[in-house]
Structures are given as structure tokens and as C-alpha cells.
Amino acid sequence: MDRGTGSQRRGDTQGRRGESADDPELDQLLVHAADGDEEAFAGLYEALVHTVMGLACRVVQDKAQAEEVTQDVMVEVWRTAKQFQPARGAARNWVLTLAHRRAVDRVRSVTAGRARELRAAVREQERSFDTVAEEVEVREEQRVVFRCLTQLARELRLPLVLAYYEGLTYAEVAEALSTPPGTIKSRMRQGLKRLYDCMEAGS
């Protein structure tokens, strides 16, 4: 079967860029990239790199780190393209899911590093009893929140984490999870109610 040249596929995709998440041209480019077609991957890269960069910027809140995340994501797309299954979803959503996962991992890494620095600084200073008591109270509250979050079903927990810990809007959460915004809002309402009930019971 004649698939056509990579440049033709890339030109077709660029002409349709931004129409929707369900873009069969992008799906085909990713399928061809999985077969080792570098020109197909170049077309996919050009079509999605700015979208990936935008998502990374929103999550990590730092342009330099977002650029690193974007390059890491596109390398991962090239390496793992064979895992893409068109029947299970669009290429755009598949790539953005990888991007969001990578960006969240970067945030967690940075946050963990800052937490280690903070703990080291705190250990170097003498703290009053009031300060220690306040920190214990905050940590206890955090433990209660995390414990209650882990008890939620994944479909209720993930939207809350993305919205309240990663700062994504309803629309961005819906895009990242490939789920209608109305469903996301409903799940968040359910999740918040169950989270509140759990925290009240544990307080």
C-alpha cells in the first residue's frame, strides 16, 4: 500500500492543525512514526510541539523547565510510538497524556527538592515550641487530606489533584483526561463531598 511521502503527510497535517483532538492525519503520522518514519515524526512534532509546550508551561509554571519537559516528551513519543493504539483514542490526546504525566513528575521532583532544602534549613535553626506545634498541626492536616484522597476512586481523585494541586481549569482537566467537561465537574463535586466527609470523620 502506498502511504505517500512523509513531507506530503506533514503538509496535510499542518493544514488541518488545531481542528480537534480527533485528527486522523495526526493518528496516521504517529502510526508511521512507530514504523520508524522520521519524516512522519517530524510532521507530528511540528503539529503538537507548541500544544505540548503550552500544557507543560501551565503545569510547571517555568518556561525553561517547560522547554525541557517538552523535549523529553517528544523524545518519549518517538521511543514509545508503538504503544499508541488508534482504536483507544486520538494521537493528540495520547501525546498530551504523556506530556501531562511528564510535567507532573517534574513538579513533584522540584517540590521534593525544595522540601529537602527547607527541612535542612529548619534543622539549622532553633525553633520555638509554638513554631514546632504549628508545623505538627499543618503536617497532620496534610496527612488527613492525603489519606482521604487515597480513599477516593481514581476517577474522582485524579480530577481533584489536577485542579487543586496542579492548577488546571475544568477545561484543561477534561482535555488531559479525554473526558467531557460536564463529567469532570460532576466527578469533582462528588469527590469534594466525599473528601469533606472523610476529613470531618477523621478530625
Of all residues in the stretch 156-170, which are out of contact with any helix residue (DSSP H, G or I) (no Cβ under 6 Å at 6 or more places or on another chain) and modelled with pLDDT of 80 or more?
Leu158, Val161, Gly167, Thr169
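Conditions (1) among the acidic types (Asp, Glu); (2) in a helix (DSSP H, G or I); (3) within 24 Å of Glu172 (Cα to Cα); (4) at pLDDT 90 or above, marked per residue:
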position: Gln8; (1), (2), (3), (4): no, yes, no, no
position: Gly18; (1), (2), (3), (4): no, no, yes, no
position: Leu26; (1), (2), (3), (4): no, yes, yes, yes
position: His32; (1), (2), (3), (4): no, yes, no, yes
position: Leu48; (1), (2), (3), (4): no, yes, yes, yes
position: Thr51; (1), (2), (3), (4): no, yes, yes, yes
position: Trp78; (1), (2), (3), (4): no, yes, no, yes
Residue by residue through the stretch 93-105, note down the ones that are more than 8 Å from the chain's Cα centre (by Cα) and open to solvent by less than 10 Å² (accessible area, probe 1.4 Å).
Val95
Evaluation of Ala90 against (1) out of contact with any helix residue (DSSP H, G or I) (no Cβ under 6 Å at 6 or more places or on another chain); (2) under 21 Å from Tyr165 (Cβ atoms); (3) surrounded by 19 or more Cβ atoms within 10 Å (Cβ to Cβ) (one fails), failing number:
(2)
Tell me which residues, restricted to the stretch 26-42, are over 19 Å from Gln83 (Cβ atoms) and open to solvent by less than 40 Å² (accessible area, probe 1.4 Å).
Ala42
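The values are calculated or read from the model by the stated rules, or taken from the named source; none is laboratory data. All of these numbers come straight from a predicted model, not from anything done at the bench. Please note: Cβ atoms are built from the backbone with ideal geometry, for glycine as well, and neighbour counts cover all protein chains shown. Ligands, DNA and RNA are excluded from the accessible area calculation, which covers all protein heavy atoms including side chains. Shrake-Rupley method; radii C 1.70, N 1.55, O 1.52, S 1.80 Å.
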